[in-house]
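Just below is one structure, and these are the notes that go with it.
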């Protein structure tokens, strides 16, 4: 379909800026992280299928979402809970999945850089607006802008997690339970995501003391919900999203990047873990709800029990995946990647399973090309060698990190403002293409903090839910406002919302310093 809507000059400038900075960070992440491989899943092939699906579906789905709720409103709704929208899913995946699919199509000659300009501008603008809103205290669009740090929690939330975390030391029961649980939940999260890392992330560091930093670890999609392959397998898990707070002594995390990966000096060692806490939350909860946090003994027992449940569920999931053929494994992986931003639809209350867990027929055309060999070659070329025709630039340019005359993404041409090219197709269209999947039908069961719901019930519940921290009274009270108004009743009321379920800070209000919190822990 040919349309006549053209972006403005300012919109083209902003989109090209986002593409350039995202492309350089993509190259950096590609050369500094280990290669993602699997002996079981066709990872590279399903990743590319997911990228193509993103190109053909993100524009239409995001417009559907924004018709119900703006990206800024969604950001302010999820700021105080565990959400995949606060992970690598939006930091890096959303814009780059879309752009990598676009770049593949450009190099195959299916589209030109000027095609889908309206979509490119819209998708990147939606992403930027969302990022600016949910990261407003951090005031960076990405972790890269913050020097590869992700300090996104407001003070009131960090204070609660600082206060209520239980101390532990190498060899004691809580320390051993934490290590056991972390291994179990990480292994399970990787398998859920078809041997990728998109169901877990890290953010921080938060400075707890001169010799102690907190790294917050978050896990998603653990229980029955959107993922069809968990139906009947994860039904007994009493959670779907978990937040594990870990404080580490004598260790500085100098990188927490947009993939949620971290590096530290000295290298992180489990023996330096010195405090831990556990929480759950979702789109229907006000803030993070403590789990097993009544005492060190209760938390130890909870972590050990959860670890056993996760190990049992992991075994069942391996058995299910072992029964899948290649096309089913391709679909599961591609949808895991493509649908990483589906919580936008959940929060807006417009989630439809078929939107997010089918492959668009326009993307599915390329499935037969995506054998393991070609998948590995095209994915690699798009990330690091940048060896495709679209990547080459003039010889006087030097790309950040490589000094080579290359660019990851093809910019939108500014001649869109003046050329009367009737062949330019500015959008993939207003309706989705037919969806295709080889996976079994999804059972209409979704775990929430309010119990199991159908998709329709969950949409209604999220549309009707109005968190207090999203109210007009509290919504715009950021840390900068608190700095000058900490001694007001309004500031106290704001902090008491986060403190309601805190073991040590309930009712304390605003005005506490870090040392005050530490004294409460040790008194």
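What follows is calculated from the coordinates using simple rules that are stated; it is not laboratory data. None of these values were measured; they are calculated from a predicted model. Here the Cβ positions follow ideal geometry from the backbone for every residue, glycine too, while neighbour counts run over all protein chains shown.
Measuring from the lowest to the highest alpha carbon on each principal axis, how far does the stretch 136-285 reach, largest first, in angstroms?
Extents along the principal axes, in whole Å: 47, 40, 29.
If packing is taken as the average number of other Cβ atoms within 10 Å across a peptide's residues, how do 440-450, 225-235 rank, most packed first?
Values: 440-450: 16.4, 225-235: 20.5.
So the order, starting with the most tightly packed, is 225-235, 440-450.
With r defined as the distance between the Cβ atoms of residue 252 and residue 452 and R0 fixed at 41 Å, what FRET efficiency is calculated, to the nearest 0.05? Spell out each step's value before the answer.
Numbers: r = 43 Å, r/R0 = 1.04.
E between residue 252 and residue 452, to the nearest 0.05, is 0.45.
Shape of the stretch 140-207 from its Cα gyration tensor (a ≥ b ≥ c, root eigenvalues): rounded if a/c is under 1.5, otherwise prolate when a/b > b/c, or oblate? Could you put the intermediate results ahead of the total?
Numbers: a/c = 2.51, a/b = 1.10, b/c = 2.27.
The shape class here is oblate.
Counting pairs of alpha carbon atoms under 8 Å apart in space and at least six apart in sequence, what relative contact order in percent does the stretch 357-502 give? Intermediate values should be presented prior to the final figure.
On the way: 77 pairs, mean separation 26.9, N = 146.
Once normalised by length, the contact order is 18 percent.
Mind jotting down a quarter of the surface of the convex hull over the alpha carbons of the stretch 251-377, in square nanometres, one decimal? Walk me through the intermediate numbers first.
Numbers: hull surface 50.2 nm².
So the mean shadow area of the Cα hull is 12.5 nm².
Order of 466-474, 203-211 by packing, highest average Cβ count within 10 Å first?
Numbers: 466-474: 14.0, 203-211: 18.8.
So the peptides 466-474, 203-211, ranked by packing, come out 203-211, 466-474.
Two decimals is fine: what's Rg over Rh for the chain, C-alpha atoms, Kirkwood radius as Rh?
Values: Rg = 23.0 Å, Rh = 23.9 Å.
Across the chain, the Cα-based Rg/Rh ratio is 0.96.
What shape does the stretch 290-363 have by the C-alpha gyration tensor, where a ≥ b ≥ c are the square roots of the eigenvalues, rounded means a/c under 1.5, and otherwise prolate means a/b greater than b/c and oblate the rest?
Details: a/c = 4.58, a/b = 1.60, b/c = 2.86.
Oblate shape, in that a/c is at least 1.5 and b/c is the bigger or equal ratio.
Could you tell me the distance between the Cα centroids of the stretch 62-117 and the stretch 507-523, to the nearest Å?
Using only Cα atoms, the two centres lie 40 Å from each other.
For the stretch 417-523, would you read off the P(r) tail past 20 Å as a percentage of all alpha carbon pairs? Intermediate values should be presented prior to the final figure.
On the way: 3852 of 5671 pairs.
Value for the stretch 417-523 (Cα pairs over 20 Å): 68 percent.
Over all distinct Cα pairs, what is the inverse of the mean 1/r for the stretch 335-376, reported as the Kirkwood hydrodynamic radius in Å?
After inverting the mean inverse Cα-Cα distance, the result is 11.9 Å.
State, as an integer percentage, the relative contact order of the chain based on alpha-carbon contacts under 8 Å between residues 6 or more apart.
Working: 910 pairs, mean separation 132.3, N = 523.
The normalised contact order for the chain reaches 25 percent.
To the nearest Å, what is the center-to-center distance of the stretch 277-337 and the stretch 446-485, using C-alpha atoms only?
When both Cα centres are located, 23 Å separates them.
For helix 372-383, what angle does its Cα long axis make with the longest principal axis of the chain, in degrees from 0 to 90 and rounded to 10?
That helix lies at roughly 80 degrees to the long axis.
Using Cα atoms only, what is the angle between the long axis of helix 296-322 and the major principal axis of the chain, expressed in degrees (0 to 90) to the nearest 10?
Roughly 30 degrees between the two axes.
At 7 Å along the Cα-to-beta-carbon direction for both residue 464 and residue 39, put a label point, then send me their distance in nm to one decimal.
5.1 nm
Sort 55, 366 so the one with the fewest other Cβ atoms within 10 Å of its own Cβ comes first. Mind showing how you got there, number by number?
Working: 55 28, 366 18.
Listed from fewest to most nearby Cβ atoms, that is 366, 55.
Quick one: angle between helix 9-32 and the longest Cα principal axis of the chain, in degrees between 0 and 90, rounded to 10, please.
Here the helix axis deviates by roughly 70 degrees.
What list do you get for 5, 336, 431 if you sort them by fewest beta carbons within 10 Å?
431, 5, 336
In nm, what is the difference between 0.36 nm times the number of residues separating residue 186 and residue 31 and their Cα-Cα distance? Let's see the in-between values first.
On the way: separation 155, 0.36 × 155 = 55.80 nm, distance 2.34 nm.
Net length gain for the segment: 53.5 nm.
Can you put 399, 19 in order of Cβ neighbours within 10 angstrom, beginning with the fewest? Present the calculation step by step, with values, prior to reporting the outcome.
Values: 399 18, 19 23.
Fewest-to-most Cβ neighbours within 10 Å comes out as 399, 19.
Please give the calculated 222 nm ellipticity per residue for the chain, where each DSSP H segment of at least 4 residues contributes -39500 (n - 2.57) and the sum is spread over every residue; nearest 500 deg cm²/dmol?
Working: 17 runs with 221 residues, N = 523.
The helix contribution divided over the chain gives -13500 deg cm²/dmol.
Taking the highest mean first, how do the peptides 290-299, 387-396, 492-501, 320-329 order by number of other beta carbon atoms within 10 angstrom per residue? Please list the in-between numbers first.
Details: 290-299: 16.4, 387-396: 12.7, 492-501: 19.1, 320-329: 14.4.
Highest mean packing first, the order is 492-501, 290-299, 320-329, 387-396.
Measuring from centroid to centroid over Cα atoms, what is the spacing of the stretch 420-444 and the stretch 206-227 in Å?
35 Å
Explain nothing, just the number: relative contact order of the stretch 1-129, from Cα pairs under 8 Å at least 6 residues apart, as a whole percent.
Numbers: 64 pairs, mean separation 57.2, N = 129.
In percent, rounded to a whole number, it is 44.
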